[in-house]
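Since every read-out is calculated from the coordinates, none of them should be taken as a lab result. The shown structure was predicted, so the numbers you read here are calculated from the model rather than taken from an experiment. Please note: Cβ atoms are built from the backbone with ideal geometry, for glycine as well, and neighbour counts cover all protein chains shown.
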Amino acid sequence: MAEGKVVVITGASSGMGEATAKLLAKGGDKLVLGARRENRLQEIAKDIEKLGGEAVYAATDVTNDDEVEALAKLAIDKFGRIDVWINSAGIMPQSLLAQKKVKDWDMMIDINIKGTLYGIGAALPYMMKQKSGQIINIASIAGHIVGPLSSVYSGTKYAVRAISEGLRQEMAQAQSNVRVTLISPGAVDTGLVDSITDEQVKKGTEEFYKNFSIPVDRIAQTIKQSIDLPADAAWNEVIIRPTSQQM
């Protein structure tokens with residue numbers, strides 16, 4: 001059996017990050033978990049150990065570049081390499097632009113865009129030095145389709161798409177053997193709706209997710225499939241949504 005990969009996941013304390021960590025651990029990968037809620041990371045690491053896997057963690061705010069760099073260093077200090085870095089942290093406080101929810105706008109920009117950039121910046125030096133690796137960025141169907149209430153959120157996810165494509169081209173040009181994968185989910189049963197600060201919007205979104213969302217395991221499976229591809233090929237962009245979701 002091949003030796004497991006070293007996988008770093010931000011946003012690992014719940015949702016897609018947690019589900020992906022547990023699925024990869026079952027396959028023998030070594031996990032490095034980052035999120036703000038240290039108590040949840042501790043619980044997930046214990047769950048992974050019960051599955052026979054290995055995980056370390058560090059409280060990590062992805063809006064803080066120093067903390068993201070420290071997460072990368074933890075992976076190197078503990079396991080000696082970083083094979084996969086998954087930028088899974090994200091929030092979705094949807095609202096009308098006329099409401100001018102500046103704090104929500106700033107947090108989306110800081111977490112969804114800057115958090116992704118900080119993760120890329122932390123992982124790349126190690127991956128380019130070892131001449132292998134994979135960056136997986138989590139975007140959204142909102143990065144392909146814009147609607148009322150989602151202007152800023154969609155803007156951040158369009159940015160993640162642009163950053164991912166630029167990174168793909170740069171890594172190919174450098175002949176780095178670093179793969180770049182963008183995953184754009186539709187409605188998925190995560191805690192993302194909890195970040196909506198407008199109660200009326202939140203209620204409507206919760207109802208939509210109740211009727212249409214798919215389990216987080218579907219995204220975890222997709223991420224694992226992208227990792228398991230031979231190193232000379234990459235899924236560069238994947239849209240996955242519920243079969244019944246129209247938009």
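Taking the dipole about the Cα centre of the chain, with the C-beta of Lys and Arg at +1 and of Asp and Glu at -1, give me whichever of W105, S244, G166 is farthest to the positive side.
Working it through, the farthest residue towards the positive pole turns out to be S244.
So what's the gap between the Cα centers of segment 60-134 and segment 139-165, to the nearest angstrom?
16 Å
Kirkwood Rh, Cα Rg: Rg to Rh for segment 128-216? Please report the intermediate quantities before stating the final value.
Details: Rg = 16.3 Å, Rh = 14.8 Å.
In segment 128-216, Rg relative to Rh is 1.10.
Between E206 and A233, what's the calculated FRET efficiency when r is the beta-carbon distance and R0 is 35 Å? Round to 0.05.
Numbers: r = 39 Å, r/R0 = 1.11.
Working from the Cβ atoms, E equals 0.35.
At 7 Å along the Cα-to-beta-carbon direction for both S244 and N177, put a label point, then send me their distance in nm to one decimal.
In this crude spin-label approximation the distance works out to 4.6 nm.
Rg (Å, one decimal) plus Dmax (Å, integer) for the alpha carbons of segment 169-247?
16.4, 49
With the crude spin-label approximation of a point 7 Å out along Cα→Cβ, what separation in nm comes out for Q42 versus H144?
Roughly 4.1 nm, to one decimal.
Could you work out the relative contact order of the chain, using alpha carbon pairs under 8 angstrom and six or more residues apart, expressed as a whole percent? Working shown, then result.
Details: 484 pairs, mean separation 48.1, N = 247.
Averaging sequence separation for qualifying contacts and normalising by length gives 19 percent for the chain.
Would you be so kind as to identify all helices of the chain, as entire DSSP H runs, whose Cα atoms reach 24 Å or more along the helix's own axis and whose mean Kyte-Doolittle hydropathy is at least 0.0? Provide the component values of the computation, followed by the final result.
On the way: long enough: 151-173 (33 Å, -0.41).
Once both thresholds are applied, nothing remains.
Using the Kirkwood formula on the Cα atoms of segment 19-58, what hydrodynamic radius do you get, in angstrom to one decimal?
Values: mean 1/r = 0.1032 Å⁻¹.
For segment 19-58, inverting the mean 1/r across all distinct Cα pairs yields 9.7 Å.
Just L33, L41, L149 to compare: in a GNM of the chain, with alpha carbon springs under 10 Å, which one fluctuates most?
Of L33, L41, L149, the most mobile in the Gaussian network model is L149.
Provide, as a two-decimal number, the C-alpha radius of gyration of segment 55-152 over 2.2 N^0.38 Å, N being how many residues it has.
Working: Rg = 15.7 Å, N = 98, 2.2 N^0.38 = 12.6 Å.
Here the Cα radius of gyration is 1.25 times the empirical estimate.
Explain nothing, just the number: dipole magnitude of the chain about its Cα centre with +1 on each Lys and Arg Cβ and -1 on each Asp and Glu Cβ, in debye rounded to the nearest 20.
Numbers: 28 positive and 30 negative charges, 55 e Å.
Using only the charged Cβ atoms, the result is roughly 260 debye.
Considering just Cα atoms, how many Å³ per residue does the convex hull of the chain enclose?
So the per-residue hull volume is 119 Å³.
If you put +1 on each Lys and Arg Cβ and -1 on each Asp and Glu Cβ, how big is the dipole of segment 16-156 around its Cα centre, in Debye rounded to 20? Each step should come with its number before you reach the end.
Values: 17 positive and 17 negative charges, 46 e Å.
The calculated dipole for segment 16-156 is roughly 220 debye.
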